[in-house]
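Colleague: Below: one structure in structure tokens.
Any read-out appearing in this document is the output of simple, stated calculations on the displayed coordinates, not a laboratory observation. A quick note: this is a predicted structure, and the numbers were derived from the prediction, not measured. As a convention, Cβ positions derive from the backbone with ideal geometry for all residues, glycine included, and neighbour counts pool all protein chains shown.
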Amino acid sequence: MAKLLTLFTLLPKAHQITLSLLVILTTVILMFPSEDAQASKQTSLTSSSADKSAIETHKRYDIPLAFRTPTPPGKHSVEQDEPDVLLSSDDSSKLISGETPDDEAFAQHLAMLQTSTSDIDGMINDIDDQVAAQKALLKQQTANDDNIVEYFEVAKGDTLGGLFSRAGLSAKDVYDITQLPLAKKNLLKIMPGEEIAISKNEQGELQELTYRMDKVSTLVISHQNDEYKETVNVKKVESRTSFIAANIKSNFWNAAADAGLSGNHIMELANIFGWDVDFALDIRKGDHFALLFEQEYADGQFLRNGNILAAEFYNHGERYTAVRYTDGEYYSENGSSMRKAFLRSPVDFKYVSSNFNPRRLHPVTGQVKAHRGVDYVAAIGTPIKAAGKGKVIESSYNQYNGNYVFIKHNDTYTTKYLHLTKRKVKRGETVKQGQIIGTLGKTGRVTGAHLHYEFIVNGVHRNPRTISLPKSTPIDRKEKNKFTAISKQLMAQLKSNQQQQLASN
Ligand SMILES: [Zn+2]
């Protein structure tokens, strides 16, 4: 280096200047990348912001399960101009779970259902799933290559203004957009975790904004020629028929939940057969059931559960069937109504602890039930339902019965409910079937909390769980042919599904 400097000083003045300029020029060229290099750098920046994160090789990425990669235009693509089309269940009845085009989604859905089985009220909507679905949809709509799309998640305590300013939008943008009625209604009440996709052109001007209103509808705000327009894209909703069958090993709830039935459907199934089967006390190991039910899908993604269409329940070897008719009521496969004058159990099965106990001991005497009623052991406060409609002939208290309610249904039938914590009806009042008449307790001569229930026919105590009850009105004669056709088709479908399941086991 020193030698070079000595050499430099020996050179004529003009040469020194030329050499210095050359050194400076080279340095400048080396410090700044070529135009090409700069351009390619920008491109990679662009694509990385569009994809939210650039994909690198030799790096592991966690991909959410519910994330769907965009599919080519076809059966699963977002059909933006399609109106909301609901396929009738008849059209899609060919689709059973084994043949659904989206087996994987169905399996995922079943797994999701199973995780939520502890929730009695059937909260099947998983927030993560919703967010993932939102992302998937927004991603699919990022078709425009020229624009840069960025996703902004609503943070806790975020306002629309805050989010817009993070997105580099002006106060005027916020003002103009919120002048649109749907934008005003939806964007001003955005919730944490929701996402807004913002698309800008190369000049950084807002081109399009999308917001997922629900699982089916997306609000799209477009900006062209200094004008904002809003539209709602609605996904196509299709109804599929699904099948579930199960054998009861420990209790009804677990068997149904393990098979993938949602909490709501479990309760619904118990209600459908609740006039014939006492789900609280009379379910036995080996009882089994099968059902067909509707599920709605939006562009192949699970949306919500629908109605139970048909079901079969074996209790103590006795077969019960139920078919949903167009009036929303359930009838047995041959058209007799499922509704009866009396519920088999005045207590919902989910509250009763001892499902399998063939020799239930009386809570007071400790002896096998030899008294004139049925005891339901459950927590204090459990709601007690009137087994049938009627008139309250007693609502009172004494030292033996504790708080008690007697209901006279007609000249033949009377029911009695003893040891209540609270009575919710007064003497002389008329009650509807299923109406809450009080809550379970341990008042009177008892050692533990339970409901003592008596069923009296013409003055004689009978077992409410086994007595044959009066038949209610069957399906209207005018409807009979139409019903029979539906019933035959559904029961055949139920049967073929069961055979398929048996064959695959
Ligand atoms: Zn008793």
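Colleague: With a cap of 13 neighbouring Cβ atoms within 10 Å, and only residues DSSP puts in a loop, list the chymotrypsin sites (Phe, Trp or Tyr not before Pro) found in the stretch 384-491. Intermediate values should be presented prior to the final figure.
Modeller: Numbers: sites: TYR397, TYR400, TYR404, PHE406, TYR413, TYR417, TYR453, PHE455, PHE483; in loops: TYR400.
Passing sites in the stretch 384-491 are TYR400.
Colleague: In whole angstrom, note down how far apart the Cα centers of the stretch 486-504 and the stretch 217-249 are.
Modeller: 31
Colleague: What FRET efficiency comes out for HIS461 versus GLN399 if R0 is 22 angstrom and r is the Cβ-Cβ distance? Round to the nearest 0.05.
Modeller: On the way: r = 21 Å, r/R0 = 0.97.
My answer for the efficiency is 0.55.
Colleague: Right, something else. Give me the net charge of SER468's neighbourhood, meaning all other residues with Cβ under 15 Å from the Cβ of SER468; Lys, Arg count +1, Asp, Glu -1. Present the calculation step by step, with values, prior to reporting the outcome.
Modeller: Working: positive: LYS340, ARG344, ARG462, ARG465, LYS471; negative: ASP276, ASP278, ASP282, GLU318.
Neighbour charge sum, excluding SER468 itself: +1.
Colleague: While we're looking at this one, here's another question. If we sort 464-471, 299-306 on the protection proxy, mean other Cβ atoms within 10 Å, highest first, what's the order? Please report the intermediate quantities before stating the final value.
Modeller: On the way: 464-471: 13.2, 299-306: 20.2.
Going by the mean number of other Cβ atoms within 10 Å, highest first, we get 299-306, 464-471.
Colleague: What is the sum of charges, Lys and Arg at +1 and Asp and Glu at -1, for the other residues whose Cβ falls under 11 Å from the Cβ of THR443? Present the calculation step by step, with values, prior to reporting the outcome.
Modeller: Details: positive: LYS422, ARG423, LYS442, ARG445; negative: none.
Net local charge, THR443 excluded: +4.
Colleague: To continue, here is another question. If you wrap the stretch 215-347's Cα atoms in a convex hull and average its projection over all directions, what's the area in nm²?
Modeller: Values: hull surface 43.9 nm².
Average of the hull's projected areas for the stretch 215-347 equals 11.0 nm².
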